[in-house]
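Here the structure comes first, spelled out in structure tokens, and everything after it is commentary.
The values are calculated or read from the model by the stated rules, or taken from the named source; none is laboratory data. Every value quoted in this text rests on a predicted model; they were computed, and no experiment measured them. For neighbour counting, all protein chains shown are included, and Cβ atoms are generated from backbone atoms with ideal geometry for every residue, glycine included.
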Amino acid sequence: MQQEFSKAEKLNMVSELAAAIAHEVRNPLTVVRGFIQLTKENVTEQHKYFMETAILELDRAEGIITDYLNFAKPKSIHKERLHISQELLALLEFIQSYANLKGVHIESQIEGDLFITGDPLQFKQVILNLVKNAVEATENQGSVLVKAYAQNRTVLIQIADTGEGMRPDQLQRLGSPYYSTKEKGTGLGLMVTFRLVEEFKGRLRFESQYGKGTTAMLKFPCESPAK
Ligand code: ADP
Ligand code: MG
């Protein structure tokens, strides 16, 4: 007997599968990377090169999970009222250790009572991808400023970095699948991010000055504060 699935059911199955893959694949990747790192010491230069290449590819696979599936969960999209400052502050704490490794300082100016509607895990994935890009573009001694405020019945979130910036032709390519200028990049982060922002009925645009820095600007429909 043939079984028919609705679009929603199919989407749900895909997201369950994605979550399972993210979870199950990450652990073996970490183990393999660890063993290669350990074996790297007493080998010929050529073998060392092979191993470094293998590690680079493993990191690329790990990157795909982070950009695409980090906050996937085995449930359908779950929309709720999101308290923006709580969500942002928790997330920035989570990303801070990554920023510390790169020598980047994250600052925030976040208004208290901002609310939007959407899936909390999708919101986390959006902010993670944007802040991660900001940190990666900035590297040593730079800073990333995350602002959130209300304006004309919208919630604006801006992520500004003092990093390498982009030329107009680079700006135009943002969000195209596999477009990456990084050695270990996936080029999937912004593609996913633009799609998720649509789920929120929001907008994402970038302003950038080559050599000076970039600002990612998110705009979401506003909810009135909780009574
Ligand atoms: P990835 O981070 O894996 O390269 P993304 O889709 O997240 O993939 O980003 C695509 C490309 O957009 C990056 O490789 C980079 O060239 C550019 N980019 C994104 N954000 C910034 C930023 N804040 N500053 C400079 N370049 C950026
Ligand atoms: Mg990225």
Exercise. For segment 155-174, name all the residues that are more than 7 Å from ligand 1 (Cβ to nearest atom), surrounded by fewer than 17 Cβ atoms within 10 Å (Cβ to Cβ) and of a type outside the set (Lys, Arg).
Key: Pro168, Asp169, Leu171, Gln172
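Conditions tested, residue by residue: (1) in a loop (DSSP other than H, G, I, E, B); (2) modelled with pLDDT of 95 or more; (3) under 15 Å from Asp119 (Cβ atoms).
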| residue | (1), (2), (3) |
| --- | --- |
| Ser176 | yes, no, no |
| Tyr179 | yes, no, no |
| Lys184 | yes, no, no |
| Gly187 | yes, no, no |
| Met191 | no, no, no |
| Phe194 | no, no, no |
| Phe206 | no, yes, no |
| Phe220 | no, yes, yes |
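Out of segment 33-66, which residues are of a type in the set (Val, Ile, Thr) and closer than 20 Å to Glu183 by Cα?
Taking segment 33-66 first, the residues of a type in the set (Val, Ile, Thr) are 36, 39, 43-44, 53, 55, 64-66.
Once the filter is applied, which keeps residues that are of a type in the set (Val, Ile, Thr) and closer than 20 Å to Glu183 by Cα, segment 33-66 yields Ile36, Thr53, Ile55, Ile64, Ile65, Thr66.
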Exercise. Scan segment 77-101 for residues that are among the basic types (Lys, Arg) and at pLDDT below 90 and jot them down.
Key: Lys79
Exercise. Could you identify the single residue in Tyr49, Tyr68 that is of a type in the set (Ser, Thr, Tyr) and within 16 Å of ligand 1 (Cβ to nearest atom)?
Key: Tyr68
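Just wondering, is there one or more residues in segment 69-88 that are in contact (Cβ under 8 Å) with a residue 12 or more places away in the chain and closer than 17 Å to Thr214 by Cα? So that I can check it myself, show each step before the final result.
Of all residues in segment 69-88, those in contact (Cβ under 8 Å) with a residue 12 or more places away in the chain come to 69-85, 87-88.
Among the residues that remain, those that are also closer than 17 Å to Thr214 by Cα are: none.
There is no residue in segment 69-88 that is in contact (Cβ under 8 Å) with a residue 12 or more places away in the chain and closer than 17 Å to Thr214 by Cα.
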Exercise. Considering each residue of segment 175-190, count those that are in contact with a Gly (Cβ under 6 Å, 6 or more places away or on another chain) and surrounded by fewer than 12 Cβ atoms within 10 Å (Cβ to Cβ), and give that number.
Key: 1
